[in-house]
Amino acid sequence: SEQQSIPQGDPDSLAAAEKKERVKARWSLLRGALMGSSAAHEKGPATINKHSMNSFAGFQVLDRTVIQDTDEHAALLDKCHNDTIDEGQDGEASSSWDFVQNSYTSKEGGQIQFITREVKRQQPQQSEQSFATSQSSMKSRVEALLSHRNHGVDNTGNVRVWDAEATLAGFLLSVLLSEEHNDVFDSDQDTSDSDNIMDLRSRMKNALCRNEESICADNGQGQEKCNILELGAGQAGLAGLAVASASNSLNNMKSLQLVLTDGHPKCVENNRFCSTLVPKREDISIDSQLLLWDSSAKGLEECQRIF
């Protein structure tokens, strides 16, 4: 199509042209979601990515690296393959996942690492696909777009691990790895905001960690317990699994009962698998359950069921 010239210095015309560009790019993203990732890039990634969720690289609080071509990767693939067969799925579905090493290192040098299984961000495109495979792929994409009708919640949790989840995981680990029980938090924010953050960190550490007196008096009986319920955990429950991994590594942590919840059954299923990748002490329990949390009577009933 011909490119229309926009009069210079005409704010209304410039705003209308920018709006038209956004609408066109978003329709291209929708077409790509239906037809496959190759269709989304027919006009070049530069046009699309400006309006895509992938245009923001994230705060990168966690060091997240895809595990590839190692003995560990081969063992994880075998575990994933066996899990998909046990769940009654095609064992080849294991090829649609990545295994990600999540790592956080504190300013004092403490480190927590854990592995999650996450959907591949970009599936490899084959030059030729059978009609049956193409139809199956299209059906899967349409199902994802209609997730809010079929499951009462959209499919965003299965698309990727969102940066908000990784940022929350990093914040929790920064609290747990701090050397002081009531640590000092360096911040350039206003005093009131800084005080609120310090208070939050202190309360969180008190909830998750035992103080020195309880550690010294610990005789192995009646150990303090912390119950955590994560809402909207997405496909990999990074925040909850980060705390569980820290509980396994740090001797000042309370015993832990963690419940990861999400409204989409695929997220619940993958969180259940991810929980098996976290080494756990005997006093650490991780569960994954379906929960559509809202203010309706049904939402209240579902929350009461979990609690």
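The values are calculated or read from the model by the stated rules, or taken from the named source; none is laboratory data. Because the structure is predicted, anything quoted here is derived from the model rather than measured. No Cβ is skipped: glycine too gets one built from the backbone with ideal geometry, and neighbour counts run over all protein chains shown. Surface accessibility is based on the protein's heavy atoms, side chains included, excluding ligands, DNA and RNA. Shrake-Rupley method; radii C 1.70, N 1.55, O 1.52, S 1.80 Å.
Measuring against 29 Å, Cα to Cα, the residue pairs Lys19/Lys139; Lys24/Lys120; Lys79/Lys298; Lys79/Lys280; Lys19/Lys120 contain Lys19/Lys139; Lys79/Lys298; Lys19/Lys120 as the ones spanning a longer distance.
Taking label positions 7 Å along the Cα-Cβ direction at both Val159 and Asn211, the computed distance is 4.6 nm, reported to one decimal.
In this rough spin-label picture, where each label sits 7 Å from Cα along the Cβ direction, the Lys266-Asn150 distance is 0.8 nm. Spacing of the modelled spin labels on Lys139 and Glu224, each 7 Å from Cα toward Cβ, amounts to 5.3 nm. Annotation: amide H-H contacts under 5 Å for Cys209 (H modelled 1.01 Å from N, sequence separation of 5 or more, or interchain): Lys254.
Partner lysines whose Cα lies under 29 Å from the Cα of Lys20, excluding those fewer than 8 positions away in the same chain, are identified as Lys43, Lys50. For the range 214-307, with all protein chains in place and a probe radius of 1.4 Å, 51% of the accessible heavy-atom surface sits on carbon or sulfur. Residues whose amide H falls under 5 Å from that of Ser285, counting only those 5 or more places apart or on a different chain, are Leu256, Gln257, Leu258, with hydrogens built in the peptide plane.
Computed from the C-beta positions of Asp69 and Asp12 and an R0 of 51 Å, the FRET efficiency is 0.40 to the nearest 0.05. Applied to the range 293-307, the Karplus parametrisation 6.51 cos²θ - 1.76 cosθ + 1.60 on θ = phi - 60° returns per-residue 3J(HN,Hα) values of 8, 8, 8, 7, 4, 5, x, 4, 5, 5, 5, 5, 5, 5, 6 Hz, with x for Gly and Pro.
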